[in-house]
Amino acid sequence: MPKISKDNVNLQKTGRVVEYAFNKTYDVTKDANFLSRFENADVYGDFVDETLASAIMVNRYPLMVYGKKLSMGGVGYVASLPEYRGNGGISRLMKELLADLHGQGTAVSNLAPFSERFYRHFGYENTISQKKYDITPAAFSNLIREKGGSITRGTFDDEKISAEVISLHDAVLKENERNTIIREKWWWNRLDAYYANRNIAVCHEDGKATGYLIYRISGLDFIIDEFVHETPVSFRRLLNFAGSHNGQCASFSYAAPVHENIEEAFTEHEGITVTLVPYMMSRIIDVKKLLDCMPIAENIVLGIQEDALCPWNVGNWVRDSAEGWHKTDSEPDISGPITSFAQLLLGESPLESLISSGKLSGKRINGFEKLNGKVSFYDYF
């Protein structure tokens, strides 16, 4: 079986493959960050005789989709030794893990691709992008001033600050989010350990935490890792806090969700550069589980025309009040491959653009006006 036991022998073998494939210059099996992934993952391995030639790790994360929880398989550490590349080892493992994830009730898989073309062979498609901000120190002279609220600064080791951050993060997920990870404590701890020297600024209004900024200062670079704000005051106050470093930092950067609009806090946009960059790919493993979370009107028929590796998804699907989503013989209103439906349901591509680009075809587009959930995805695996 491709899934391997997580004993010390296989830990060492997996470590050697990862070290070579990702140019690691240290023993990853002694790295707490690597071990946390290994210990919480299903590990798949392709062997040639006694040699581990290829390996993949899959961590399962709870995912928030319109207020409902789904299971998501996060694929990472996809690696092969060079002498075995091209022999189909990774392809064999990908097919096996998709079947396993479906058997475990997992609805969705996400990954950060080394090659978008490669992962499309397995039904993945670009869904999550980042809006990258690069801001000069001078630009903060155009920032709208905010004197409301107060700032508490510290680190994730501070129990009060970490509790406030986790509470705010989870509160945001109760809003109109889709394809957004619900972080378990081990993952929070790993993120804090993986990115060294992270600071946290929490905004309080009337004694209540209403926003936070997770950031790093690397040399002369001020790097925002995460920015959550519940109120206009916390939005502006935390940006003012970042801007207060314009005398000690030469550049400011922030890889934000695409729905973020921090430029609205500036009266002039000179010195602000915004770039949209593809980030993660998604794969629908069980379309029924996903559709059951979606605020799509009844009686709209969605036709999934092809899905070679998850054939249970293929067919025309409709929702009614009695059965939820189920297959039907009715003609589809909107149809296309599973990859395009991943962009529609898990990403932020509007239906109109998917139809105009030919990725989906349809005779009816009403009923999707509520399908506008945000994707607040800061995680990487």
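Here are Arg153, Arg117: which of them is surrounded by fewer than 22 Cβ atoms within 10 Å (Cβ to Cβ), among the charged types (D, E, K, R) and without any contact (Cβ under 8 Å) to a residue 24 or more places away in the chain?
Working: Arg153 fails: without any contact (Cβ under 8 Å) to a residue 24 or more places away in the chain.
On inspection, the qualifying residue turns out to be Arg117.
Within the range 165-204, work out how many residues are out of contact with any helix residue (DSSP H, G or I) (no Cβ under 7 Å at 6 or more places or on another chain), in a helix (DSSP H, G or I) and of a type in the set (A, V, I, L, M).
Within the range 165-204, the first condition is being out of contact with any helix residue (DSSP H, G or I) (no Cβ under 7 Å at 6 or more places or on another chain), and the residues that meet it are 165, 167-177, 181, 184-185, 187, 189, 191-192, 195-197, 199, 204.
Next, only the ones that are in a helix (DSSP H, G or I) stay: 165, 167-173, 185, 187, 189, 191-192.
In the following step, the residues that additionally are of a type in the set (A, V, I, L, M) were identified as 165, 168, 171-173, 191.
Number of matching residues: 6.
Show the residue pairs that are 6+ apart or on different chains and have beta-carbon atoms under 6 Å apart, the first residue being within the range 181-192 and under 16 Å from Leu168 (Cα atoms), the second being of a type outside the set (Phe, Trp, Tyr).
Short answer, once both residue conditions are applied: Ile181/Asp379; Ile182/Pro62; Ile182/Met64.
Which residue is most open to solvent (accessible area, probe 1.4 Å), if the candidates are limited to the range 213-237 and must be closer than 21 Å to Lys374 by Cα and touching a His at 6+ places or on another chain (Cβ under 7 Å)?
Phe235
Taking the range 1-45 as the search range and keeping residues that are under 19 Å from Trp186 (Cβ atoms) and part of a loop (DSSP other than H, G, I, E, B), which one is most open to solvent (accessible area, probe 1.4 Å)?
So, considering only residues that are under 19 Å from Trp186 (Cβ atoms) and part of a loop (DSSP other than H, G, I, E, B), the one most open to solvent (accessible area, probe 1.4 Å) is Lys6.
Take the residues in the range 104-114 that are touching a residue at least 60 places away in the same chain (Cβ under 8 Å) and either over 19 Å from Ala256 (Cβ atoms) or surrounded by fewer than 19 Cβ atoms within 10 Å (Cβ to Cβ) (or both); name whichever of them is farthest from the chain's Cα centre (by Cα).
To start, the set of residues in the range 104-114 that are touching a residue at least 60 places away in the same chain (Cβ under 8 Å) comprises 105-113.
This time we only want the ones that are either over 19 Å from Ala256 (Cβ atoms) or surrounded by fewer than 19 Cβ atoms within 10 Å (Cβ to Cβ) (or both), so: 105-109, 111-113.
Working: Gly105: 19, Thr106: 16, Ala107: 15, Val108: 11, Ser109: 10, Leu111: 8, Ala112: 9, Pro113: 12 Å.
Of everything passing the filter in the range 104-114, Gly105 is farthest from the chain's Cα centre (by Cα).
Could you tell me whether Leu276 is closer than 30 Å to Asp170 by Cα, surrounded by 13 or more Cβ atoms within 10 Å (Cβ to Cβ) and in contact with a Lys or Arg (Cβ under 9 Å, 6 or more places away or on another chain)?
Working: closer than 30 Å to Asp170 by Cα: yes; surrounded by 13 or more Cβ atoms within 10 Å (Cβ to Cβ): no; in contact with a Lys or Arg (Cβ under 9 Å, 6 or more places away or on another chain): yes.
So Leu276 does not fit the description; no.
Which of the residues belonging to the range 126-181 are modelled with pLDDT under 95 and of a type in the set (Lys, Arg)?
Lys147, Lys174, Arg178
Can we say His269 is assigned to a loop (DSSP other than H, G, I, E, B) and closer than 21 Å to Val228 by Cα? So that I can check it myself, show each step before the final result.
Numbers: assigned to a loop (DSSP other than H, G, I, E, B): yes; closer than 21 Å to Val228 by Cα: no.
No; evaluated as a whole, the condition is false for this residue.
Being open to solvent by less than 60 Å² (accessible area, probe 1.4 Å), outside any loop (DSSP other than H, G, I, E, B), farther than 19 Å from Cys203 by Cα and not small (Gly, Ala, Ser) is the requirement here; does Glu263 meet it? Give the derivation first.
Details: open to solvent by less than 60 Å² (accessible area, probe 1.4 Å): yes; outside any loop (DSSP other than H, G, I, E, B): yes; farther than 19 Å from Cys203 by Cα: yes; not small (Gly, Ala, Ser): yes.
For Glu263, the condition - open to solvent by less than 60 Å² (accessible area, probe 1.4 Å), outside any loop (DSSP other than H, G, I, E, B), farther than 19 Å from Cys203 by Cα and not small (Gly, Ala, Ser) - is met.
The values are calculated or read from the model by the stated rules, or taken from the named source; none is laboratory data. The shown structure was predicted, so the numbers you read here are calculated from the model rather than taken from an experiment. Here the Cβ is made from the backbone with ideal geometry for all residues, glycine too, and neighbour counts use every protein chain on show. Protein only, heavy atoms only, side chains kept; ligands, DNA and RNA dropped before computing areas. Shrake-Rupley method; radii C 1.70, N 1.55, O 1.52, S 1.80 Å.
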